[in-house]
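So the structure is just underneath, and the comments pick up after that.
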Amino acid sequence: MEQAIFEERRDQIHRTGDGPFELACNRDSLAGAVSQRACVFCGSRVVLYPIADALHLVHGPIGCAVYTWDIRGALSSGPELHRLSFSTDLQEKDVIFGGEKKLKAALLELIERHKPKAAFVYATCIVGIIGDDVAAVCRSVAATTGIPVIPVQSEGFKGNKREGYLAACRALFTLAGTGDVSDVSPVSLNILGDFNLAGEIWIIRDYFKRMGVEVVANITGDGRVEDVKRCHGAALNVVQCSGSTMELAKMMQEKFGIPFIRVSYLGIEDMADSLYAVAEHFKDRAPGIMERAQQVVREELAVLLPKLKEYRKDLEGKKVAIYVGGAFKAFSLIKAFRHLGMKVVLVGSQTGTKEDYEELATICDPGTVIVDDSNPLELSKFVRELDVDLFVGGVKERPIAHKLGVGFCDHNHERKEALEGFVGMLNFAKEVHASATSPIWRFVPRREALIKKGEGI
Amino acid sequence: MSDSPYISTTNACKLCTPLGAALAFRGVEGAIPFLHGSQGCATYMRRYIISHFREPMDIASSALGEKQAVFGGGPNLKKGILNVMSKYGATVVGVASTCLTETIGDDVPRLLSEFRKEFADLPLPEIVHVSTPSYAGTHMEGWHAATAALAAQLVREKAPATRRVNLIPGFVSPADLRYFKEILADFDVAATILPDISETMDRPALLDYEKIPKGGTTLAAIQAMSGALGSIECGRADHMAETAGANLNRRFQVPNHRIGTPIGIRESDIFFETLEQLTGRTTPDKYRDERGRLVDAYVDGHKYVAGKRAIVYGEEDFVIGMVAFLAEIGVKPILAATGATCKNFKAALAEVTAGILPTPPEARMGVDFHDIAEQAGELAPDILVGHSKGYRYAKAMGVPLLRAGFPIHDRFGGQRMLHVGYRGTQELFDRLVNTILERKQEDSAVGYSYL
């Protein structure tokens, strides 16, 4: 395993139980290391993408737009403008003479064609370099068209995804406070950091509805510009995927005095705790809300737990590796795997913070490898060395696991199965079970070798 | 050069230049594709490529940050190359620039020559560089430029003349390349296929993760190209000043045969004739039989496809090849569209349909899916032919999509799809007929059990 690890990255890997916990993180990726990370633009794009009635125009050469065309499983209950990929497709002459004119013309053309409720303009790497004043173009187009035209300062090289999240939050914040909130209930919240992958936000909204809580704005899953404009009317922000929208929650707290709580809709405890936390927050204003929350949890668990037990029988003792974008997801996954009787032996993230990793270290079993901003060489070594049965990750991790004959659960923005909520836990168990118990593993070299040695599968 | 009336681009029918270069570099043994730019480019392209091939695709990046964008990316480039040398054990590093590094003005050739001097004491890999700003051209320009760079920079002297053929196949599938290899072996001739992603992008399940996947054109085979009997370069579209084949011809007088991507009987015939001419062998019976079966299939299936109106879109060489095929089976290609721009697209479409179609199909370059869809209403197609990204339009138009080429993101086995030669054409023809039959059967209330 040693030689797969870059000297400069040794302090970004830790095995729990090996001395005091310390993990370096939030660094620039190492040149030549094939990081699994993306860029600032990716962070912004991923957060704003699900706003379905906005125009998302990527200002730059074609790549950034075309690689993010319909990239996520973020569903909309209405308009689907977000599923189209718009670009200024800058050419050499634009790079030389500047792209402002083209940007303006493209915006006017697309706004006229699609009549969006707002437009987001994403600055890509070279836009800052060639000196286009994106903000000025946006102001001018907003004045002409009468819709909010919002620059997103997401030049790719200016950091990693986290800076992109921040740029997206700033963009969203320009909308907050501009809508009419006169009819918003005092028992209301905004859902932050859920992107409605495979319809997940609808599951969560249903729980809140059953508790008697009004959801003002989805930020951003199945999102609408008008809702975001009214989000300052909500009494509470519930923030999932803390990396992506936490900054927005903080800005809203400061400006509008809206408190926020961190939640997670993945797994049983975290889902239930999230509902209870919301109930706790509103218990004085909404009598009976705690009972209603308990009722929701009871009803859902009555369906879920017996089914989960079935899956657990086959999964007990199997070993899991987790590598995800943000660390928050890892916390919930570790707990979720405990319900399935599975043992997490590796956990890592692209953009976890010091606090995230410290928390991870406390909830992981001894001997668990914790890793920040990893790469294929390291991940494949760990998978081999730790003899993992199932890997949870995204598109770029999938072929690593599959190539080595390891099961895989897609836990990424492309997923087509809802994994949030109680029903999501069931889907999760189903998917994990489907992969980990497939009869095909007997044919993959690492299992074939064991079978030959008589050590079973 | 663009035929689009619009300023904005919606759902582009092209990818960016460095993606093609990264893929081409993956076709060289022991090579690591290396993007000189910000981290996101490599990651996005990996994701895009992985979703088609379902294979690991490691692309290194110099991962420039804000500081480097201001002061130059040289130090990161050098450090990155050292890292891929030590960790990946790369024997070839294929460095492709990006829009960022081209715009800040990094002089990659100079940086690399500095690198070679600074680290002259180390066993250095071959470092090939190609300029691929994403604001100029498409992924196909990137592919061809990287291929040309491999020939121009790695073939340094005239190799001893050998009975060898250079095949520069263009961007085709691993299955296509395996078929090419089989053909060349059956012609009993040594061959260099440049680049060769047949193994690197379609590996078996393994015990250990390969830092660099096995396979790809070997350095020795690349260097032997200058002593070959000749080069066969597939793809009629003119992209660049000098292709790999033209470069070898200019410097080492290796005869270069530019032919079309061999899709359809006529384009495949040209391929086999060229091989016969170069090797002095006649086409083995195996392939004559394949051709015979294909003709037989054309006869059996011709009425199912007769007069069907097809819109073909995608990479320029793919489109030209598909139009050649569709025209000869009686399908009417009513629109040939590409996001790329190349001088001779229209002329090439005229060449491959001459004598069959009264007029060549309408050709549009530099268009996106919005342009194609806007025109599709009046064109009333029966079928779309191209990669996965046309699906939403096929669905909206209520017509089937024959998936072929790259990328195939919504179906399984894109890397194993065969397009070229008699065998590939057979596969395309079978799939096309079945696509049409399936639609006919589904649309029919009768539910015919014989079709």
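The values are calculated or read from the model by the stated rules, or taken from the named source; none is laboratory data. These figures come from a predicted structure and were not determined experimentally. Here the Cβ is made from the backbone with ideal geometry for all residues, glycine too, and neighbour counts use every protein chain on show.
Laid out as a table, the results:
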| item | result |
| --- | --- |
| Checklist (1) part of a loop (DSSP other than H, G, I, E, B); (2) more than 20 Å from the chain's Cα centre (by Cα); (3) surrounded by 21 or more Cβ atoms within 10 Å (Cβ to Cβ) applied to B:Ile356, failing item | (3) |
| Matching residues in the stretch A:416-432 - criterion: being more than 15 Å from A:Ile322 (Cβ to Cβ) and not in a helix (DSSP H, G or I) | A:Lys416, A:Glu417, A:Ala418, A:Glu420 |
| Residue list for the stretch A:81-92, filter: of a type outside the set (A, V, I, L, M, F, W, C), more than 28 Å from the chain's Cα centre (by Cα) and either more than 9 Å from chain B (Cβ to nearest Cβ) or not in a helix (DSSP H, G or I) (or both) | A:Gln91 |
| Single match in B:Leu23, B:Leu64 (criterion: of a type outside the set (Ser, Thr, Tyr) and more than 7 Å from chain A (Cβ to nearest Cβ)) | B:Leu23 |
| Flag if A:Ala65 is among the aliphatic types (A, V, I, L, M), buried (at least 19 other Cβ atoms within 10 Å of the Cβ), under 22 Å from B:Pro407 (Cα atoms) and within 8 Å of chain B (Cβ to nearest Cβ) | yes |
| Options A:Ala105, A:Ala143; residue that is out of contact with any strand residue (DSSP E or B) (no Cβ under 7 Å at 6 or more places or on another chain) and within 13 Å of another protein chain (Cβ to nearest Cβ) | A:Ala105 |
| Any chance B:Thr261 is among the β-branched types (Val, Ile, Thr), crowded, with 17+ Cβ neighbours inside 10 Å and touching a Cys at 6+ places or on another chain (Cβ under 8 Å) | yes |
| One residue from A:Arg72, A:Arg10, A:Arg45, A:Arg27 being more than 7 Å from chain B (Cβ to nearest Cβ), under 23 Å from the mean Cα position of the chain (by Cα) and surrounded by fewer than 19 Cβ atoms within 10 Å (Cβ to Cβ) | A:Arg27 |
| Test: residue in the stretch A:355-372 that is touching a residue at least 60 places away in the same chain (Cβ under 8 Å), of a type outside the set (A, V, I, L, M, F, W, C), within 14 Å of chain B (Cβ to nearest Cβ) and assigned to a loop (DSSP other than H, G, I, E, B) | no |
| The stretch B:100-134, residues that are small (Gly, Ala, Ser) and either at pLDDT below 95 or outside any helix (DSSP H, G or I) (or both) | B:Gly105, B:Ala120, B:Ser131, B:Ser134 |
| Test: residue in the stretch B:97-108 that is among the hydroxyl-bearing types (Ser, Thr, Tyr), within 22 Å of B:Arg26 (Cβ to Cβ) and within 24 Å of the chain's Cα centre (by Cα) | yes |
| Options B:Lys346, B:Lys303; residue that is part of a helix (DSSP H, G or I), modelled with pLDDT of 95 or more, under 22 Å from B:Pro5 (Cβ atoms) and of a type outside the set (Gly, Ala, Ser) | B:Lys346 |
| Which numbered condition B:Tyr422 fails, given (1) crowded, with 20+ Cβ neighbours inside 10 Å; (2) of a type in the set (Ser, Thr, Tyr); (3) free of Cβ contacts under 8 Å to residues at least 24 places away in the same chain | (3) |
| The stretch A:437-457, subset in contact (Cβ under 8 Å) with a residue 24 or more places away in the chain and in contact with a helix residue (DSSP H, G or I) (Cβ under 6 Å, 6 or more places away or on another chain), residue farthest from the other protein chains (Cβ to nearest Cβ) | A:Thr437 |
| Only one of B:Arg416, B:Arg411, B:Arg392, B:Arg403 that is at pLDDT 95 or above, touching a strand residue (DSSP E or B) at 6+ places or on another chain (Cβ under 6 Å) and not acidic (Asp, Glu) | B:Arg411 |
| Subset of the stretch B:87-99 (residues that are assigned to a helix (DSSP H, G or I) and at pLDDT 95 or above) | B:Cys99 |
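Conditions tested, residue by residue: (1) touching a residue at least 40 places away in the same chain (Cβ under 8 Å); (2) closer than 29 Å to B:Glu276 by Cβ; (3) in a helix (DSSP H, G or I); (4) not assigned by TED's automatic domain parsing to the domain that holds B:Ala96.
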position: B:His144; (1), (2), (3), (4): yes, yes, yes, no
position: B:Lys181; (1), (2), (3), (4): no, yes, yes, yes
position: B:Thr192; (1), (2), (3), (4): no, yes, no, yes
position: B:Asp196; (1), (2), (3), (4): yes, yes, no, yes
position: B:Met201; (1), (2), (3), (4): yes, no, no, yes
position: B:Pro213; (1), (2), (3), (4): yes, no, no, yes
